[in-house]
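To start, the structure under review is shown below, and the notes come after it.
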Amino acid sequence: MTRGWGPEERSRWALSALLALALVVLWLGWREFWFLCDDAFITFRYISNRQLGLGYVWNPPPFRPVEGYSNFLWMVLLDGVWTLLRVEPPGAANVVSLLCAALSVWRVWKWSSSSLWRAGLTLVLLLSNR
């Protein structure tokens with residue numbers, strides 16, 4: 001004997017469909033707004049100097065080291081991608097950004113999935129922020 005879909009199963013499927021839709025919308029927006037702003041290359045220079053063994057500095061010796069970055073965790077993450085996967089920051093930054101955004105979407109969905117309307121509202125608000 002087969003059992004029909006109860007409210008709990010329908011809710012679970014609706015929430016899963018909402019997550020899938022949110023991830024598709026995220027990917028479409030990411031693809032539409034793909035770019036690297038010029039400030040990103042400041043961070044890339046710090047990473048490049050670290051890859052050369054000079055540490056996270058702007059100017060190599062004989063100049064005094066200057067730390068002028070404001071995004072330490074992002075810099076270390078891109079440096080790790082370059083070290084482990086041999087993908088330089090200009091090639092990795094947008095993809096890593098998409099993965100971080102997808103993780104954020106999933107986490108917000110997980111947090112708000114106690115009700116369909118709450119999950120829908122929070123995902124719309126999250127995804128409408130460029």
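The values are calculated or read from the model by the stated rules, or taken from the named source; none is laboratory data. None of these values were measured; they are calculated from a predicted model. Cβ coordinates were reconstructed from backbone atoms using ideal geometry, including for glycine residues, and neighbour counts include every protein chain displayed. Heads up: the accessible areas ignore ligands, DNA and RNA and are worked out on the full protein's heavy atoms, side chains in. Shrake-Rupley method; radii C 1.70, N 1.55, O 1.52, S 1.80 Å.
For (1) in contact with a strand residue (DSSP E or B) (Cβ under 7 Å, 6 or more places away or on another chain); (2) open to solvent by 100 Å² or more (accessible area, probe 1.4 Å); (3) without any contact (Cβ under 8 Å) to a residue 24 or more places away in the chain, each residue gets a yes or a no:
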position	(1), (2), (3)
TRP34	no, yes, no
ILE47	no, no, no
VAL57	no, no, yes
GLY68	no, no, no
LEU98	no, no, no
LEU103	no, yes, yes
LYS110	no, yes, yes
GLY120	no, no, no
LEU125	no, yes, yes
With respect to TRP82, is the statement that it is farther than 21 Å from PHE33 by Cβ, open to solvent by less than 50 Å² (accessible area, probe 1.4 Å) and not β-branched (Val, Ile, Thr) true?
yes
Would you check if there is a residue in region 115-128 being farther than 30 Å from VAL25 by Cβ and either modelled with pLDDT of 95 or more or assigned to a helix (DSSP H, G or I) (or both)?
no
